[in-house]
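Peer 1: So that we are looking at the same thing, I have put the structure below in C-alpha cells.
The values are calculated or read from the model by the stated rules, or taken from the named source; none is laboratory data. Small disclaimer: the values here were computed from a predicted structure and weren't measured. When we count neighbours, we look across all protein chains shown, and the Cβ atoms used for this are built from the backbone with ideal geometry, even at glycine. What goes into the accessible areas is simple: the full protein's heavy atoms, side chains included, and nothing from ligands, DNA or RNA. Shrake-Rupley method; radii C 1.70, N 1.55, O 1.52, S 1.80 Å.
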Amino acid sequence: MNDSIDTEQEEGGRWIAEVPELPGVMAYGTKREGARVRAQLLAPKVIAERLEQGEARRIDIRISAAA
C-alpha cells in the first residue's frame, strides 16, 4: 500500500495535510512541512487503531510525501 500526502493552504494561512486513502488522517500546521510531518506521524496510529478494532486487514505500508 502506497499512500500520498495531500496538502492545501487555508485562507488564514494554516496548512492542512491529509492521506486521502486513510480517512481520519488529517493534520494541521502553521507551515506546510509541519502539517505533513504530523500527518506522517498520525497515519500509523490510525492504522494500528483500525487493526486493534478489527476494522482493517494487515498490509505492508509505505507512506511517501513528495517535496
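Peer 1: If a residue counts only when it is open to solvent by 60 Å² or more (accessible area, probe 1.4 Å) and either modelled with pLDDT of 95 or more or polar (S, T, N, Q) (or both), which strands (runs of 3 or more DSSP E) contained entirely in the chain have at least 2 such residues?
Peer 2: 6-9, 26-29
Peer 1: Within segment 9-46, count every residue that is touching a helix residue (DSSP H, G or I) at 6+ places or on another chain (Cβ under 9 Å) and free of Cβ contacts under 8 Å to residues at least 24 places away in the same chain.
Peer 2: 13
Rundown of residues vs (1) touching a strand residue (DSSP E or B) at 6+ places or on another chain (Cβ under 8 Å); (2) farther than 16 Å from residue 62 by Cβ; (3) of a type in the set (Phe, Trp, Tyr), yes/no style:
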position	(1), (2), (3)
8	yes, yes, no
13	no, yes, no
17	yes, yes, no
24	no, yes, no
35	yes, yes, no
38	yes, yes, no
46	no, no, no
